[in-house]
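Engineer: Mind having a look at this structure? Questions to follow.
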Amino acid sequence: MAIQIYNTLTRQKEEFVPREPGKVSMYVCGVTPYAPAHVGHGRSAVAFDVVRRWLTYRGHEVTYVMNVTDIEDKIFAASQAEGREWREVADEYTETYLDELRALAVLPPTLMPKASEHVGEIVALVQRLVDSGHAYAVDGDVAFHVPGFPDYGRLSRRDLDSQIVGARVEEDQRKKDPRDFFLWKAAKPGEPSWDSPWGPGRPGWHIECSAMSEKYLGEGFDIHGGGTDLVFPHHENEIAQSEAGRDGRFARYWMHNGMLNVTRDEADEEEKMSKSLGNVIGLRETLMRVGGPALRYFCIAAHYRSDIPFGDEALEMAGSALERLRIGRQTLDRLLEREAKPGGAELEDLEEARRMAETEFHEAMDDDFSTPRALAALHGLVGAVNRAGAGASASFAPSQQGKAHLREARETLVALTEVLGLSLAEARLARGLEFELVQLLVEVRQKARAAGQYAIGDEVRRRLAELGIVLEDRPEGTTWRVKR
């Protein structure tokens with residue numbers, strides 16, 4: 001089955017045919033580092049990380065570019081408010097965000113260009129648009145003339161009125177048309193600036209992505225990604241300024257992830273999580289509270305194009321679901337420890353479930369990266385594993401073929417969860433004070449139970465569970481693991 005991608009430009013799923021066979025060029029809008037990232041930023045990064053991982057799994061060589069918008073009004077405002085140099089502000093929040101992405105198991109981008117390091121390319125692109133008559137200079141600023149690009153609005157499908165009302169459109173009486181947007185802005189007192197043919201100034205927001213994507217991926221690259229909040233005006237403007245005066249497309253497939261929604265008031269109305277709305281939930285705080293694996297599972301439990309309501313209950317459900325996958329792997333590990341014997345269990349039902357799960361997983365991911373269906377396939381496999389484990393008495397032994405089926409089931413479960421960026425490895429404590437304290441509490445509980453003091457034993461189990469320590473009582477003794 002060929003990979004199908006929902007293209008925002010055409011509003012339909014299309015067969016994915018890369019510009020160059022076997023190679024995929026992909027550009028995803030990154031953060032503007034003027035404040036700590038929120039959970040919505042993490043959701044977007046995870047969404048496109050999954051796309052990248054699946055394309056790689058399917059045999060493509062992926063060049064993944066994620067920019068950093070480090071020239072922007074909000075960064076300069078934060079610099080003044082914090083009394084720090086603007087580069088220091090941008091660099092600090094960028095590095096913090098990258099740490100958070102590592103905790104979410106997001107792969108590092110192939111390239112991560114910064115706008116501040118590509119002003120020369122930006123100026124050259126602006127000059128090209130001026131020379132072709134698609135842009136005009138006024139008082140040191142340079143604006144793109146929207147009516148000169150007849151296809152403007154084809155991505156967002158907005159008419160003239162909706163392009164102006166309620167949009168992030170800069171009001172300026174010097175514009176030839178209200179929809180015109182600035183490619184270059186003249187320097188303001190106290191702000192950083194760069195030299196240009198129109199005088200000292202700095203780039204506008206939209207032109208930065210056009211210049212950087214063109215430099216590293218060329219014209220007509222494969223996939224351009226970002227949140228649905230970027231469709232207009234940002235991505236609409238990128239298309240206009242990149243295609244004006246040229247033949248051919250800017251990007252072939254446009255992909256947009258949905259928003260994270262938070263409850264706005266007592267009426268339970270929801271609105272997107274956004275710094276501008278002041279309703280953000282910090283990414284770092286959430287990672288510290290629930291851990292990277294559980295938050296990543298939460299992000300992919302819904303389809304990337306869907307809006308997701310954010311809340312503690314959904315996070316808890318994600319953590320529990322991930323734990324079920326981990327327990328399935330642990331069950332396979334225990335069954336694989338059993339020695340194979342002639343006449344042992346053949347486990348044909350498990351092999352059939354494995355094949356079905358693998359097929360369903362592939363079909364789901366090829367169908368516009370449907371991670372909810374892919375996860376359902378994995379849980380179906382774990383269900384078959386648990387059924388096999390439930391029938392494993394002390395005398396249980398697999399046949400040679402049965403043991404081969406167990407190995408294949410484990411390999412499939414681990415490989416496909418890794419494609420989604422999920423790890424089934426247990427979280428562990430280093431052998432230090434924390435480890436020894438947990439071990440001590442486990443031993444105290446065992447002694448209490450041996451003395452018939454079951455209430456004490458139950459309380460120790462409950463309190464450890466609240467701290468993320470799971471106890472498992474087995475015939476050979478009590479074991480424990482960290483649930484994160």
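Engineer: So in region 302-320, with the set limited to residues that are of a type in the set (G, A, S) and surrounded by fewer than 17 Cβ atoms within 10 Å (Cβ to Cβ), which one is farthest from V290 (Cα to Cα)? Show your work before the answer.
Structural biologist: Taking region 302-320 and keeping what is of a type in the set (G, A, S), we get 302, 306, 311, 314, 318-320.
Narrowing further to those that are surrounded by fewer than 17 Cβ atoms within 10 Å (Cβ to Cβ): 306, 311, 314, 320.
Details: S306: 22, G311: 12, A314: 11, S320: 11 Å.
For region 302-320, the residue satisfying everything is S306.
Engineer: In region 28-61, what residues are more than 23 Å from R284 (Cα to Cα) and surrounded by fewer than 20 Cβ atoms within 10 Å (Cβ to Cβ)? Steps first, please.
Structural biologist: Of the residues in region 28-61, the ones more than 23 Å from R284 (Cα to Cα) are 51-61.
Once the filter is applied, which keeps residues that are more than 23 Å from R284 (Cα to Cα) and surrounded by fewer than 20 Cβ atoms within 10 Å (Cβ to Cβ), region 28-61 yields T56, Y57, R58, G59, E61.
Engineer: Could you grab the pairs with beta carbons closer than 6 Å, sequence gap of 6+ or different chains, first residue in region 109-130 and among the hydroxyl-bearing types (S, T, Y), second one surrounded by fewer than 23 Cβ atoms within 10 Å (Cβ to Cβ)?
Structural biologist: Once the first residue is among the hydroxyl-bearing types (S, T, Y) and sits in region 109-130, its partners that are surrounded by fewer than 23 Cβ atoms within 10 Å (Cβ to Cβ) give T110/T63.
Engineer: Let me ask you something else. In region 12-63, how many are basic (K, R) and either under 23 Å from F250 (Cα atoms) or outside the structural domain of K114 (by TED's automatic domain parsing) (or both)?
Structural biologist: 4
Engineer: Looking at D180, D139, which one is acidic (D, E), outside the structural domain of A47 (by TED's automatic domain parsing), touching a residue at least 24 places away in the same chain (Cβ under 8 Å) and at positive phi?
Structural biologist: Sole residue among the options that is acidic (D, E), outside the structural domain of A47 (by TED's automatic domain parsing), touching a residue at least 24 places away in the same chain (Cβ under 8 Å) and at positive phi: D139.
Engineer: From (1) outside the structural domain of M255 (by TED's automatic domain parsing); (2) within 19 Å of the chain's Cα centre (by Cα); (3) in a helix (DSSP H, G or I), pick out the condition that doesn't hold for A302.
Structural biologist: Only one criterion is unmet by A302, namely (3).
Engineer: Would you say E72 is acidic (D, E) and closer than 22 Å to A90 by Cβ? I'd like the intermediate steps shown before the answer.
Structural biologist: Details: acidic (D, E): yes; closer than 22 Å to A90 by Cβ: yes.
Yes: the conditions hold for E72.
The values are calculated or read from the model by the stated rules, or taken from the named source; none is laboratory data. These numbers come from a predicted model, not from an experiment. Methodologically, a virtual Cβ is constructed for each residue, glycine included, from the backbone with ideal geometry; neighbour enumeration extends over all protein chains shown.
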